[in-house]
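The values are calculated or read from the model by the stated rules, or taken from the named source; none is laboratory data. Since the structure is predicted, the reported quantities are computational estimates derived from the model, not experimental observations. Glycine gets a Cβ as well: all are built from the backbone with ideal geometry, and neighbour counts include every protein chain shown.
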Amino acid sequence: MKIYLVGGAIRDKLLGLKVRERDFVVVGATVDEMLRLGFKAVGKDFPVFLHPETYEEYALARTERKVAAGYHGFVFHAEPSVTLEQDLARRDLTINAMAQDEDGNLIDPFNGKNDLDRKCLKHVSAAFREDPVRILRLARFAAFLPEFTIDESTFILMQEMVKAGEVDALVPERVWQETKRALECAKPNRFFEVLKECGALSILFPSIEKRFNLAIKLLNNAVKKSKDPRVRFAALLNNLSISEIKGFAKKLNIPREYLDLALLSSTYCGFIFDENSRSAEEILCFFEKIDAFRRPKRLNDLLSVCVVFNKLPKEKIQNYKRLFEVVSNINGKDVSRTKSGVEIKNELHRLRRIAIEAKLF
């Protein structure tokens, strides 16, 4: 049995980046041997184990074979006879197909280090075309390593995969997973630009492609002002209609926290941008409509999105926060207990409006 550190940990170490997680490949072992050593089996499709002390992932060396369309159309073969090079050969990019043995020696059968040095994203083999997720992953690596270029032969493969309909087989959860990770990268615009260039954007994100230049401009503004992927996502979709945003979210099963902020910003950023003086009643109704009294974080999140558009002076942001702080301190304790539910609600509204008026005028 031999154990090798593989993949992203090698890549990031060679790039001088922080190693976020470590994955290992085990060559020459069986499932029973791993279990006897105390490893816990967690893999569903192929043998993956958690180390009994570090809880890092250890996978048996394996090969894979395409038997059907799409992301799930693979069968895996994991036996002691599978070599390290065979395992590395099934990986997506050369920069992810390097390994390190227990003595620290680099094993690099596909010249990944050379591609790191020349800042190139290149596929390991023609098997790249068998998994459409690799298009998403490559686009995400373009966002993670924006100074890297895509090898011409790899780009041709991506275009051929799109034309062959492979992208249509992608499952929504995986599309969103890669999109979210791209939004956390240094240059998330590259993710969408690469997808557009290879033809996948019109299939995966048609509403973004329709207004592509504006969407990317809004996203780039958001990147300058916030690292929050929810804020970046809301900015990206801000030029879409409510129905388009909901359709987008439904198609990809987008988490509620991302959808809510996108809908809030699309609905209410215009209200906040409006230079006309707002009455106390309008401001209070705005707070109520966004449910800020029950979920105060919503107001801060919404204001964070508005800031990225370079249309909102800092003093206006502070005014909204100041006014909300004043009225949020007025609660049911300030209303007579003899009042009914509706009367309490109306009285709270009245007291809060009066408090806002006092600050406005």
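Mind listing just one residue for me: the one in the range 291-319 that is in a helix (DSSP H, G or I) and polar (S, T, N, Q) and, of those, farthest from H349 (Cα to Cα)? Before the answer, list the steps.
Just the residues of the range 291-319 that are in a helix (DSSP H, G or I), to begin with: 297-307, 314-319.
With polar (S, T, N, Q) added as a condition, the list becomes 300, 304, 318-319.
Values: N300: 21, S304: 26, Q318: 22, N319: 19 Å.
Checked the range 291-319; the qualifying residue farthest from H349 (Cα to Cα) is S304.
If only one of R337, R230, R298 is more than 17 Å from R352 (Cα to Cα) and either assigned by TED's automatic domain parsing to the domain that holds R190 or modelled with pLDDT of 95 or more (or both), which one is it?
Values: R337 fails: either assigned by TED's automatic domain parsing to the domain that holds R190 or modelled with pLDDT of 95 or more (or both); R298 fails: either assigned by TED's automatic domain parsing to the domain that holds R190 or modelled with pLDDT of 95 or more (or both).
Of the residues listed, the single one that is more than 17 Å from R352 (Cα to Cα) and either assigned by TED's automatic domain parsing to the domain that holds R190 or modelled with pLDDT of 95 or more (or both) is R230.
Between a residue in the range 3-15 that is assigned to a strand (DSSP E or B) and any residue that is among the hydroxyl-bearing types (S, T, Y) and at pLDDT below 95, which pairs come within a Cβ distance under 9 Å, given they are 6 or more apart or on different chains?
I3/Y58
R90 versus (1) modelled with pLDDT under 95; (2) in the same structural domain as F24 (by TED's automatic domain parsing); (3) surrounded by fewer than 17 Cβ atoms within 10 Å (Cβ to Cβ); (4) farther than 15 Å from L5 by Cβ: which is the lone unmet condition?
Unmet condition: (3).
Are there any helices (runs of 4 or more DSSP H) wholly within the range 180-224 with 3 or more residues that are in contact (Cβ under 8 Å) with a residue 40 or more places away in the chain and crowded, with 20+ Cβ neighbours inside 10 Å, and if so which?
Details: elements: 189-198, 201-204, 206-210.
Helices (runs of 4 or more DSSP H) meeting the threshold: 189-198.
I'm trying to understand the selection: among the residues of the range 226-235, which are touching a Phe, Trp or Tyr at 6+ places or on another chain (Cβ under 9 Å) and farther than 11 Å from S265 by Cβ? Spell out how you get there, then give the answer.
Step one: filter the range 226-235 for residues touching a Phe, Trp or Tyr at 6+ places or on another chain (Cβ under 9 Å), giving 229-230, 233-235.
Correct list: P229 only.
Looking only at the range 93-113, how many residues end up being modelled with pLDDT under 95 and in contact with a helix residue (DSSP H, G or I) (Cβ under 7 Å, 6 or more places away or on another chain)?
Residues flagged as modelled with pLDDT under 95 and in contact with a helix residue (DSSP H, G or I) (Cβ under 7 Å, 6 or more places away or on another chain) within the range 93-113 amount to 0.
Given the criterion of a type outside the set (S, T, Y), touching a helix residue (DSSP H, G or I) at 6+ places or on another chain (Cβ under 6 Å) and touching a residue at least 12 places away in the same chain (Cβ under 8 Å), identify the matching residue among P80, P132.
Details: P80 fails: touching a helix residue (DSSP H, G or I) at 6+ places or on another chain (Cβ under 6 Å).
Answer to the check: P132.
Please go through the range 272-290 and give me each residue that is out of contact with any helix residue (DSSP H, G or I) (no Cβ under 6 Å at 6 or more places or on another chain) and not in a helix (DSSP H, G or I), ordered by number.
Once the filter is applied, which keeps residues that are out of contact with any helix residue (DSSP H, G or I) (no Cβ under 6 Å at 6 or more places or on another chain) and not in a helix (DSSP H, G or I), the range 272-290 yields D274, E275, N276, S277, R278, S279.
Check the range 132-151 and report whether any residue there is among the hydroxyl-bearing types (S, T, Y), part of a helix (DSSP H, G or I) and touching a strand residue (DSSP E or B) at 6+ places or on another chain (Cβ under 7 Å). Full working, then the answer.
Within the range 132-151, the subset among the hydroxyl-bearing types (S, T, Y) is 149.
Pick out the ones that are also part of a helix (DSSP H, G or I) and you get none.
No, the range 132-151 has no match at all.
Anything in the range 191-207 that is under 16 Å from the mean Cα position of the chain (by Cα) and farther than 15 Å from F155 by Cα? List them, or say none.
L204, F205
For the range 236-251, which positions are within 17 Å of the chain's Cα centre (by Cα) and over 12 Å from T267 (Cα atoms)?
Once the filter is applied, which keeps residues that are within 17 Å of the chain's Cα centre (by Cα) and over 12 Å from T267 (Cα atoms), the range 236-251 yields L236, F248, A249, K250, K251.
Residue check: is I95 touching a Lys or Arg at 6+ places or on another chain (Cβ under 6 Å) and either of a type in the set (V, I, T) or assigned to a loop (DSSP other than H, G, I, E, B) (or both)?
Spelling it out, I95 is indeed touching a Lys or Arg at 6+ places or on another chain (Cβ under 6 Å) and either of a type in the set (V, I, T) or assigned to a loop (DSSP other than H, G, I, E, B) (or both).
Would you check if there is a residue in the range 254-267 being under 28 Å from the mean Cα position of the chain (by Cα) and in a loop (DSSP other than H, G, I, E, B)? I'd like the intermediate steps shown before the answer.
We begin by selecting, within the range 254-267, every residue under 28 Å from the mean Cα position of the chain (by Cα); these are 254-267.
Imposing the further condition that a residue be in a loop (DSSP other than H, G, I, E, B) reduces the set to 254-255.
So far as the range 254-267 goes, yes, one or more of its residues are under 28 Å from the mean Cα position of the chain (by Cα) and in a loop (DSSP other than H, G, I, E, B).
Name every residue in the range 226-266 that is among the aromatic types (F, W, Y) and touching a Ser or Thr at 6+ places or on another chain (Cβ under 9 Å), in order of residue number.
Just the residues of the range 226-266 that are among the aromatic types (F, W, Y), to begin with: 233, 248, 258.
Selection gives F233, F248.
Taking V223, is it hydrophobic (A, V, I, L, M, F, W, C) and either assigned by TED's automatic domain parsing to the domain that holds A127 or in contact with a Gly (Cβ under 9 Å, 6 or more places away or on another chain) (or both)? Before the answer, list the steps.
Working: hydrophobic (A, V, I, L, M, F, W, C): yes; either assigned by TED's automatic domain parsing to the domain that holds A127 or in contact with a Gly (Cβ under 9 Å, 6 or more places away or on another chain) (or both): no.
No.
Is it fair to say D101 is free of Cβ contacts under 8 Å to residues at least 40 places away in the same chain, among the acidic types (D, E) and either surrounded by fewer than 17 Cβ atoms within 10 Å (Cβ to Cβ) or on the phi > 0 side of the Ramachandran plot (or both)? Let's see the steps before the verdict.
Working: free of Cβ contacts under 8 Å to residues at least 40 places away in the same chain: no; among the acidic types (D, E): yes; either surrounded by fewer than 17 Cβ atoms within 10 Å (Cβ to Cβ) or on the phi > 0 side of the Ramachandran plot (or both): yes.
So D101 fails the test.
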